[in-house]
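Every number here is computed from the coordinates shown, using simple stated rules; none is lab data. Keep in mind the model is a prediction, meaning the values are calculated, not measured. FYI the Cβ positions are ideal-geometry reconstructions off the backbone, even for glycines, and counts take in every protein chain you see.
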Amino acid sequence: MGEAVNLAIEGCKLPFVDAALLEFGMPMGPFRLMDEVGLDVAAHVAPVLEKGLGERYTSDERYLQLVKENQQWLGKKTGKGFYKYDAKGKQGALNQAFETKLNRLVSRNKRKLSKSTIADRCVLVMLNEACMILEEKIVESVPDLDLSMVMGTGFAPFTGGLLSYADYRGISVCVDRMRVLAERFGKRFEPHPMLIKMAREGARFFPNRPEPKALRQIPPSECPRSKL
């Protein structure tokens, strides 16, 4: 969610960002997710994460202040957030009043990014965090982490989980892409040493599975969410 806010402040349109993650296979986009969680809750957690986990969780103070000053737009629970919601909680149109205020935070040098770049920024930054979680033994195993991602966060189920996705895409491909992202968008995308070592050794998170290249990953279009 934090990376999605970064994208918005860089000038990316909210529905476009949400669409990018939906097309990746997520059950909903990050701005719709923040509306579900509550903008106040997300804004409250952000500085706690920064204090505990460091610079990579730095939040834009202007955005946090914007949320604080507009308590009428906290998401689904107030009927408006990034989007509008009817009495039954069904999502409607974009809340243009809030978008207008958010756009005042956008730098003059707006970025025009592809959906694939947006998805990579939101997903690959998670891969670094996953490596830290494994390194610190916060989870017992790689399968546990993937199961937690799918069942706990709704990570694109058809991928099998974040680490399964990384294996399928190729660890070396992920590392190369993260280096490009780091050069363009900041050091939070620099690949974790675990990933660099795995890429160098040709290792995978799930070494006992068939070679990813021999498999066909079923795309979201063939996995209707109603059947997942």
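Structure notes:
- Multiplying the residue separation of Val173 and Leu94 by 0.36 nm and removing their Cα-Cα distance gives an extension gain of 24.9 nm.
- GNM remark for the chain: springs join alpha carbons under 10 Å apart, and the peak mean-square fluctuation among Thr100, Thr78, Thr117 falls on Thr100.
- Out-of-range pairs (alpha-carbon distance over 31 Å; input Lys51/Lys80; Lys115/Lys197; Lys80/Lys110; Lys77/Lys187; Lys101/Lys137): Lys77/Lys187; Lys101/Lys137
- Dipole size of region 47-171 about its Cα centre, with +1 on Lys/Arg Cβ and -1 on Asp/Glu Cβ: approximately 1080 debye, rounded to the nearest 20.
- 0 to 90° range, to nearest 10: angle between helix 142-153 axis and the chain longest Cα axis: 20 degrees
- The residues packed around Val37, meaning those with a beta-carbon under 11 Å from its beta-carbon, carry a net charge of 0 if Lys and Arg are +1 and Asp and Glu are -1.
- The shape of region 103-156 comes out prolate: with a ≥ b ≥ c from the C-alpha gyration tensor, a/c is at least 1.5 and a/b beats b/c.
- In order through region 14-30: 3J(HN,Hα) via Karplus (6.51 cos²θ - 1.76 cosθ + 1.60), integer Hz, x for Gly, Pro: 4, x, 5, 5, 4, 5, 4, 7, 5, 5, 5, x, 5, x, 7, x, x
- Descending principal axes extents, the chain, alpha-carbon based, whole Å: 51, 39, 33
- Simple spin-label estimate for Glu201 and Leu147 gives 2.5 nm between the two label positions (7 Å along the Cα-to-Cβ direction from each Cα).
- Taken about its Cα centre, the chain carries a charge dipole of roughly 780 debye when the Cβ of each Lys and Arg holds +1 and the Cβ of each Asp and Glu holds -1.
- Binned Cα-Cα distance frequencies in region 1-93 - 5 Å width, integer %: 3, 14, 23, 25, 21, 11, 3, 1
- Under-5 Å amide H pairs with Phe155, H placed in peptide plane, nonlocal only: Val150
- Of Phe158, Phe189, Gly92, farthest towards positive along the dipole that unit charges on Lys, Arg, Asp, Glu beta carbons give the chain: Gly92
- Scattering profile of region 49-109 at q = 0.12, 0.28 Å⁻¹ [log10 I(q)/I(0), Debye over alpha-carbon scatterers]: -0.39, -1.08
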